[in-house]
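The structure under discussion appears below in the form of structure tokens.
Quick note: the coordinates plus some simple rules give every number you see, no bench work behind them. Predicted model only: the values in this text are computed from it and were never measured. Backbone-built Cβ (ideal geometry, glycine too); neighbour counts: all protein chains shown.
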Amino acid sequence: MNAPATAPPRPVGLWRRLLSDRAAAAALGLLALLALASALSPFLVSQNPYDPAQLDVLDAEIPPLWSEGGVSRFPLGTDAQGRDMLSAMLFGTGISLTIGLLAVAIQAVLGVSIGLAAGYVGGRLDGLLMRIADIQLSLSTLMVAIIALAIFQTLFGAENFGRLAVPLLVVVIGVAEWPQFARTVRGSVLAERAKDYVLAAEAMGLAPLHIVWRHILPNVASSIIVVATLQVASAVMAEAALSFLGLGMPVSQPSLGALIRAGFDLIFSGVWWITMLPSLVLIALILSINLIGDFLRDALNPRLDRAR
Amino acid sequence: MVVISLIGFAVKASLGDPARELTGEAASAVEREALRARLGLDDPLSLQYARFLAAAAHGDLGASYVFKRPALEVILSKFPATFELVLSAALIVALFSLPAGLYCALRPRGLLARAIMGLSVLGISVPIFLTGIFAITLFSVELGLLPSFGRGQTVTLGPWETSFLTADGLAHLLLPAVTLSSIMLPLFIRLVRGEMLDVLDQDFIRTAWAKGLPPWRVWISHGLRNAAIPLVTLGGLQFGTLLAYTILTETVFQWPGMGFLFLDAVNRADVPLIIAYMMVVGVIFVTVNTIVDVLYVLIDPRVSLGVRAR
């Protein structure tokens, strides 16, 4: 079988290019550090920030070590419930990343299947699916998520909602953003399906599903990787925004967004660290993922919306 | 609109027990039952449904449980605040993104252009509520220059309360409006730049230069006009997101607009208010999309709305 005319860059070359791009390499290092620290957080921290029994209200609102009144037991201070900020932030980063990755996994499965179907089958199915995608996109993820979660919260009551927050956030963010994948994949499929190797496979009488799965999908993989990376950043941001509005993770199990929300009430009384420290981590997280996504987009060069 | 109204009914039918929310834990079962009867919550679902449909057709979405006034009226009384916030943010975006994007397209390798593009990556990566929090911390808490919450002094013009006419109102408006625009600005700068780079590369631009037109005419009349269609499309597409960001901005700055009210309604399980908000947003949405379609025709004479003038 013919290899496609434009072979995607080999992974080894990509890796070397990433390390030679200073911004992307720094972003990757930062992201790896954050991910590793949050993955290992159960072994790193002095207390479990989600276990109320380990919290002491007498320890509440202790400033970080370098400020006046800081104590060495809580190097980054404590929040209003006496939670060690370092522990809470590491756990929160883990939650944010987990929700982001799982939500993007749902988006990818939905969006890639729909995009492949729309692009390969074409015709009326394509028209219908893309119309649905357009409507969903124009409604905006965040708006859909806010309204959906608001309804769930009223439905379940705040307490039950808190217990279900992780799966709900994953599903809502996951379902709301599938058009991003579907549109990109469809565009790539349309470009691929006119190429010789697809025509050859069709001439050999291979089943459509086989052609799509084994021949087209590997050749649109690079655009899927780019979209997936950028989508993780936007999913993390969406989770933080929803938690900040009180429609996400509960205060007893704070993600970065929920910590920022909890600290925001105290910001006027000079308690800056509960808000500012998680904010910095959140920005570092999103910025590093975005920078890697930008690098991958330039390196793999698939056709994408220019606005992103 | 139909879909939204259907969701609205479904939500109303399935949502929790507002009687309990209202009376609180202390109220006796008898009191609760009396309230339920008064609100008509004991009637069969189909009857409640029919009543809701009929009332909605008259613009009556039920009385807010908390405010004891028609929900639609409560929502619409907050509309001016949100509208002025969105309008100010849109003005800021338009005023800054066009020159900045143009400049970046004309001098893509210039130091300033690269600085703007670098900042725009940062701008996209900072969630809007953090921009708001940082702005409050710097300008209100540290420097004490600008107020951090509310609308300040407003002037009432008939049914419309405006903060455009007093210095205090404008001072209150500044931080929220800049915050709201900060998230859209990078997106539009990047788009203006990208579209202009594409357009300036085309043959008719070369023709325009060859005709000896002054640079600003080539850039504005020929270039920008042809780059405008994707801009308007993006504007229309981003509108839903803008509404969502408005909720976030209003929350950070306690801006007494519709989004702030909506979240309050969610916390108090004020179902009619939640539904009314969804309906109003739906109407705004349809209106904006219609305006976008009309703008297409104004910008590009080749597009017609299906009606031929001649």
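Highest mean packing comes first when the peptides B:195-203, A:197-205 are listed by Cβ atoms within 10 Å, giving B:195-203, A:197-205. For segment A:71-199, a simple Cβ point-charge model (Lys and Arg +1, Asp and Glu -1, everything else neutral) yields a dipole of about 160 debye relative to the Cα centre.
Averaging the sequence gap over all C-alpha pairs within less than 8 Å and six or more residues apart, then dividing by the number of residues, gives segment A:164-297 a relative contact order of 24 percent.
The HN-Hα couplings worked out from phi for segment A:86-95 by the Karplus form 6.51 cos²θ - 1.76 cosθ + 1.60 (θ = phi - 60°) are 4, 4, 4, 5, 5, 4, x, 4, x, 4 Hz, whole numbers, x standing for Gly and Pro. A Cα-only calculation for segment A:187-243 places Rg and Dmax at 16.4, 53 Å. Computed from phi, the 3J(HN,Hα) profile of segment A:127-136 under the Karplus parametrisation 6.51, -1.76, 1.60 (θ = phi - 60°) reads x, 5, 4, 6, 5, 4, 4, 4, 4, 4 Hz, with x in place of Gly and Pro. Within 10 Å of the Cβ of each residue in A:130-143, the mean number of Cβ atoms contributed by other protein chains is 4.
For peptide A:242-248, what's the mean number of Cβ atoms from other chains within 10 Å of each residue's Cβ?
4
With each label modelled as a point 7 angstrom along the Cα→C-beta vector, the residue A:200-residue B:229 pair spans 3.8 nm.
Relative to the Cα centre, the charge distribution of segment A:202-306, modelled as +1 at Lys and Arg Cβ and -1 at Asp and Glu Cβ, gives a dipole magnitude of about 80 debye. Can you tell me how segment A:80-200 classifies by the Cα gyration tensor, rounded, prolate or oblate, using a/c under 1.5 as the rounded cut? Because a/c hits 1.5 or more and a/b exceeds b/c, segment A:80-200 counts as prolate. Sorting the segments A:108-119, A:133-144 by their residues' average number of neighbouring beta-carbon atoms within 10 angstrom, most packed first, yields A:108-119, A:133-144. For the peptide A:279-289, the mean number of other protein chain Cβ atoms found within 10 angstrom of a residue's Cβ is 3. By the Stokes-Einstein formula, at 1.306 mPa s and 10 °C, segment A:163-308 with its Kirkwood radius over alpha-carbon pairs has D equal to 89 µm²/s.
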